[in-house]
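First comes the structure, then the notes that go with it.
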Amino acid sequence: MKKNIRNDIIETKKYLRKQVLDTILNQFDGKLMGLSKEHRKQKYNKMRENPYSFFRGSAYLFYYDVTDLPFTFHTPEDRPTWLLGDLHFDNISAFQNEHQEIVFDVDDFDEGYFGSYLYDVMRMVVSIRLMSSQHGYNEEDADTFVESFLTHYIKQLEDFQSGANDPVQLQFTKVNTKASIKRVLDNLEQRQTAHKLDESVNKYDSIQWLMGDDHLLSLSTSERKEFTSIWEDYIDSIPASVKKRRNYYSVKDVMKKEGAGIGSTGLERYYILIEGEHGQNIILEAKEARAPIPAYFFPYDEKFWYDHKHQGRRVVHTQQSMHHLADPYLGYFTLQGHDFYVRERSPLTGELEAQDLQDPKSMLETIKTMARITAKIHARADADIENGLMDYHSEEAILDAIQRNQKEFIQQINVWSKHYQQVVEEDFLLFNEWLDENADFSGQK
């Protein structure tokens, strides 16, 4: 009896790709991250919701797939860009900055590393396609969104190069944003006003009450003692230019955070209420930091690692480099052999909601702003700033790679992102099959 060659080919391809998934998931979530079976189950339950969630939680698979592809428009290895490392639609949001201004900007720096700008761009445009599909947009709409992102990314870099804008000073507020982003910023400003008028928020000394979070756990007496014993290391790490008197950082309350974002599942996280002054309540977040995912796939950068042996310091440095204002609470410490970074945990944050992205014009305006923010973080983290590691301007290196043929650049990335969206969607189905075959992670007995 003749074999069905077509079925053999299809099944072989599926089998081989599933083996790749199995290897990558076990290597990163199992061996490198050391996630428990329970934490892996929690993470994978979030990832199996839809292709976009799967994409968010599998950055290591993305880098495994794309780092050896011979794209025309990479910058040279000796002129890298400081990357966010995990740029996607949900890692840009609204929040209150250090001057109590409501801004829209990137908000997750855990994977910050040096490499070609193209990886941030590629990861972002794939997320745009997946998000578009999730909201019911067709392929033609997604093509338009991706083209707009790439066009406005280039235009903003050109404005930096010409001096029309300054990446060190540029920030995005309701003054220079439109549509959904402007509405989110307006709503957050209203919450900010109400927050200031609520006298009770400045009189309470419980994190649980202030945060209203059911996923906060009290520390045991021994855990609290150990935590407060290393807190001095955090205070010592704060730059002298912004450091206040030591009593200002005294710990009033500390709780452990349970549960987190998809990629952060299993990482330890603490909320710390510090003394402050004049009865104010300041909550800091300490989050565990691991080696960034891109580092496992990029060439080893000796200079970068010499300056960033501590993973918490690397995350802090990334945020300082990319934000308009440096959070004065940024610092780091080590607890039980694990590196942590510390930043302020503002109660005033806002994200785009599903209904904000239903209108094509609003979606387009959102993507344009995200393109400008991407250009800003790339151009800002270079010789423009005091603590830069580069002796050249990133926007010039990137434009040198693109400007020879912008039309071809946009076309190539658009076509590739369409292809990779399909890869992610197919991988998502294989991932769900893989989960069902692994009772330890699927919840099956």
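If the condition is being of a type in the set (D, E, K, R) and at pLDDT below 95, then the stretch 50-84 contributes ASP68, GLU77, ASP78, ARG79.
Would you check if PHE340 is over 30 Å from GLU77 (Cβ atoms), part of a strand (DSSP E or B), within 17 Å of the chain's Cα centre (by Cα) and not assigned by TED's automatic domain parsing to the domain that holds GLY34?
Yes, satisfied.
Restricting the stretch 352-363 to residues that are out of contact with any Leu (no Cβ under 8 Å at 6 or more places or on another chain), in a helix (DSSP H, G or I) and crowded, with 18+ Cβ neighbours inside 10 Å leaves a set whose member that is modelled with the highest pLDDT is SER362. Considering only residues of the stretch 329-351 that are out of contact with any Phe, Trp or Tyr (no Cβ under 8 Å at 6 or more places or on another chain) and under 20 Å from THR173 (Cβ atoms), which is modelled with the lowest pLDDT? Ranking the candidates gives PRO347 first.
Counting only helices (runs of 4 or more DSSP H) that fall entirely inside the stretch 380-445 and contain at least 2 residues that are among the hydroxyl-bearing types (Ser, Thr, Tyr) and modelled with pLDDT of 95 or more, the qualifying elements are 406-437. Among the residues of the stretch 144-163, the ones that are surrounded by fewer than 15 Cβ atoms within 10 Å (Cβ to Cβ) and either touching a helix residue (DSSP H, G or I) at 6+ places or on another chain (Cβ under 6 Å) or under 23 Å from ALA326 (Cα atoms) (or both) come to 1 in all.
The values are calculated or read from the model by the stated rules, or taken from the named source; none is laboratory data. Just so it is clear, the structure is predicted and the values come from calculations on it, not from any experiment. Note that we place each Cβ from the backbone using ideal geometry, even for glycine, and neighbour counts take in every protein chain shown.
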